[in-house]
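Quick notes on the structure that follows.
The numbers here are math on the coordinates, done by the rules we state, and not lab data. The structure displayed is predicted, hence computed values, not measured ones. Cβ coordinates were reconstructed from backbone atoms using ideal geometry, including for glycine residues, and neighbour counts include every protein chain displayed.
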Amino acid sequence: MKSLAAFLFLAPLLLLPVTRAAEAPAAYSIPGSQVRNLPVNSVSGRAYQLLIGLPGNYDKDTTKRYPVVFVTDGYWDFAKLTSIHGGLVYDHAAPEFITVGLSYVGEKLNYGDLRWWELSPVVGGGKGPEESGHAADFLKILENEIVPFVEREYRVDSAHRALAGASLGGLFTLYAMYTTPDFFSGYIAATPAIAYTNDWLLGYEEEFAKAGKKLNTRLFVSVGEKEWSGHIAGILRHNERLASRKHAGLAYQFRIIDGEGHAGMQFESYTRGLRFILGPLATPPTMNAAH
């Protein structure tokens, strides 16, 4: 009888590991976010994944259209922009906007290697021509396929679309600006990897200027105070060159992020950059706004 009582007491305990294993914790997802997988692209041979961040009021007013920000390296930076979004809107520093993170379909991918194909305008990074130097191809994919897809599927204000990126993504952002300066209305180039390509971008900018082309956009560029000296020097050279051009239609802001290195400077860069390029669209706060 005692044996039976002991068994009945222990039986529920024996089942606990099984029950806990079956009830694995749920994964957290960013509210208002969606994942859209595109077909394999005929040029790159890759399937791109779009991480979509929708404003909190997106479903409340089905007639309203929103500015859109496309950010490179979405697998890393999409969450940064979506976390910054709410604070900027609360402070009336920016309007609500749609975020689109550019990523790849697949699991356990080596993003650090993959991104060189899309984001580098010339062969570099110790990689061959099949692995790097295809920014021109990716810019066409972005402009002719990805952006039109987003603007068909979501209520985008196409007059206010922006491009943002950090490091190699920042270099791509500047390359896109000099290639098709009117396609995006604003650009954020955080710590752009100019020196990594031996200042190739400066030569590209020189060709842009010699052709008599003008910039009519909003541009934010930044670098971290604690980044390595050669990297900082390349960004400063571009800053001096661009400032000397005195483009009448260019609203330009350059910022050194105090006390931060290559990764730590990115949150502040995106915050300041979004405020700079989208701030003119923000609605001023009312006198009775709650705090």
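Over all directions, average the projected area of the Cα convex hull of region 129-257 and note it in nm². Mind dumping the intermediate values first?
On the way: hull surface 34.3 nm².
So the mean shadow area of the Cα hull is 8.6 nm².
Projecting label points 7 angstrom from Cα along Cα→Cβ for His92 and Arg65 puts them 2.6 nm apart.
Sequence-distant contacts, meaning Cα pairs under 8 Å at least 6 residues apart, place the relative contact order of region 137-225 at 27 percent. The mean sequence separation of alpha-carbon pairs under 8 Å and at least six residues apart, normalised by the residue count of region 33-281, gives a relative contact order of 17 percent. Of all lysines in the structure, those lying under 25 Å Cα to Cα from Lys226, and not within fewer than 8 positions of it along the same chain, are Lys80.
Restricting the GluC sites (Glu not before Pro) of region 103-161 to loop positions (DSSP other than H, G, I, E, B) with no more than 11 neighbouring Cβ atoms within 10 Å leaves Glu107, Glu130. For region 197-291, the direction-averaged projected area of the alpha-carbon convex hull comes to 8.3 nm².
Arranged from fewest to most other beta-carbon atoms within 10 Å of their beta carbon, Lys64, Lys80 become Lys64, Lys80. Cross-link partners of Lys214 among lysines, defined as those whose alpha carbon lies under 24 angstrom from its own and excluding same-chain residues fewer than eight positions apart: Lys140, Lys246.
Normalised by residue number, the volume inside the convex hull of the Cα atoms of region 33-281 is 125 Å³ per residue.
In plain terms, the residue of Asp91, Asp137 with the fewest other Cβ atoms within 10 Å comes first and the most crowded comes last, giving Asp91, Asp137.
Summary value for region 159-291: 25 percent relative contact order, contacts being C-alpha pairs under 8 angstrom separated by 6+ residues. With respect to the chain, whose longest principal axis is taken over its alpha-carbon atoms, helix 74-90 is tilted by about 90°. The P(r) of region 81-192 has a tail past 16 Å containing 65 percent of all C-alpha pairs.
By DSSP, what percent of the beta bridges with both residues in the chain are antiparallel, rounded to the nearest 5? Don't jump to the answer; show the numbers that get you there.
Numbers: 12 of 38 bridges.
Bridges in the chain that DSSP calls antiparallel: roughly 30 percent.
When shorter helices are ignored and each DSSP H run of at least 4 residues is given -39500 (n - 2.57), the per-residue value for the chain at 222 nm works out to -12500 deg cm²/dmol. Extending 7 Å from the Cα toward the beta-carbon at both Lys246 and Asp258 defines two label points whose distance is 3.2 nm.
Ranking Val35, Val105 by Cβ neighbours within 10 Å, fewest first, what do you get?
The fewest-first ordering by Cβ neighbours comes to Val35, Val105.
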